[in-house]
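Below is one structure, written out as structure tokens; comments come after it.
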Amino acid sequence: MPRFSRLLPLMGALSLVAACGGESDAPKAAANDVHPVQVYIVQRESLQRTINAVGTVRFRRETPLGFTTAGKVATVRFEEGDSVKRGALLAALDTTTVGADVSVATAERDRARSEFERVRSLYADGWITKARFEAAESALKAADARVRQAGFASGTAQLYAPSSGIVLARNVQAGQVIAAGTPALILGEGDSGFIFRVPIIDRDATKLRVGMAAEISIESLASGPIQATISEIDGRANEATGAFTVQFALPGNPKLRSGQIGTATIKLPASENGSLQIPASALFGVRTGEGLVYVVNAENKVETRNVAIERLTDQFVIVSGGLLAGDQIVTSGLEKLRPGSKVRAIQTAR
């Protein structure tokens, strides 16, 4: 009996060793298992989205043309829609009034010059004061200025086309009296080319940059979409709509007309800071603002990566850091995996 009692501790020790040996073999067996999993290939293109915005074709420069002085319109030589060449006479005022103004100003200048010559002679002989001499000199300068003013008004009583183009609007008729600066005609300057203008909401406009490409589809043109680039983005939103006007430079096309309606198709990146989107099922160990994913390496083994969670979309999670475009991440069967586990992709999601 005493001998048996001395064997009990020894048997217990052997049992413990055997148990430890059995437990140490279990992870080795598990490590050699190949787990079937579903993987997702991270692609930067998956962040791109397309927006469509309706807009209109316009001349890059649509210039209002008017007279610098008030007067009666003598003639208007073109109608709306007419093509004009650079330097063509578009309209003219009746020069009766401006011609009379030139004559009056010239006569006044001649009188002021004669008076100045007389006063200067008297001043040189000491018969009049310096103040009287300076007053005569100022009167002559003022008369000269009025002659130049009248001559300018006479010279601008005719409107000439600053560029070849199309008359977009005719606002006056022969015989009409107009005020100075009133737009008589609006000329679409063909030399400056065409643009396509669209309103873009502020959320999308902030992602646009000058030089970005777009496709412009104009229904009245049968040649297909036009390749265009952003040439200008308004610095202030429209007060009524809150949208920013974006201009696209269009290549030359003889079929383009101001006012044609079309659609701009623009590819917008959802993020500009290197962020990527992944399925929510790929995340585990989620904490505030971060989580873990399993990445499949070249040996078909998984390793953990920490990613920062930026925001959620309807179907994906936007993350940054830890992943690159082309990485394969596990989206199913995560609960059976450990770092270093071997996997076999049974389906690849994109």
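Here, each number is a calculation from the coordinates, and none is a lab measurement. Here the structure is a predicted model, which is why all the values come from computation and not from measurement. So basically every Cβ, Gly included, is an ideal-geometry build from the backbone, and we count neighbours across all protein chains shown.
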(request) List the lysines whose Cα lies under 18 Å from the Cα of K85, skipping any in the same chain that are fewer than 8 positions away. (result) none
(message) Using only Cα atoms and rounding to the nearest 10 degrees, what angle (0 to 90) does helix 2-31 make with the longest principal axis of the chain?
(response) 30 degrees
(message) Need the list of lysines near K130 for cross-linking: C-alpha distance under 18 angstrom, and skip anything on the same chain fewer than eight residues off.
(response) K141
(message) Per 0.36 nm of contour for each residue apart, how much would the distance between N306 and R287 grow if the chain were fully extended, relative to their Cα-Cα spacing?
(response) 5.8 nm
(message) Cut-off under 27 Å on the C-alpha distance; same-chain residues fewer than 8 positions from K301 excluded. Which lysines are left, in chain and number order?
(response) K28, K336, K342
(message) Explain nothing, just the number: relative contact order of the chain, from Cα pairs under 8 Å at least 6 residues apart, as a whole percent.
(response) 27 percent
(request) Run the quick spin-label model on K267 and L324: label points 7 Å from Cα toward the beta carbon, then report their separation in nm to one decimal. (result) 2.2 nm
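Å³ per residue of the Cα convex hull, for the chain?
291 Å³
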(message) Once each part is reduced to its C-alpha centroid, what is the distance from segment 213-291 to segment 55-78 in angstrom?
(response) 33 Å
(request) Select from segment 190-219 those trypsin sites (Lys or Arg not before Pro) which occupy a DSSP coil region and have at most 12 other Cβ atoms within 10 Å, ordered by residue number. (result) R209
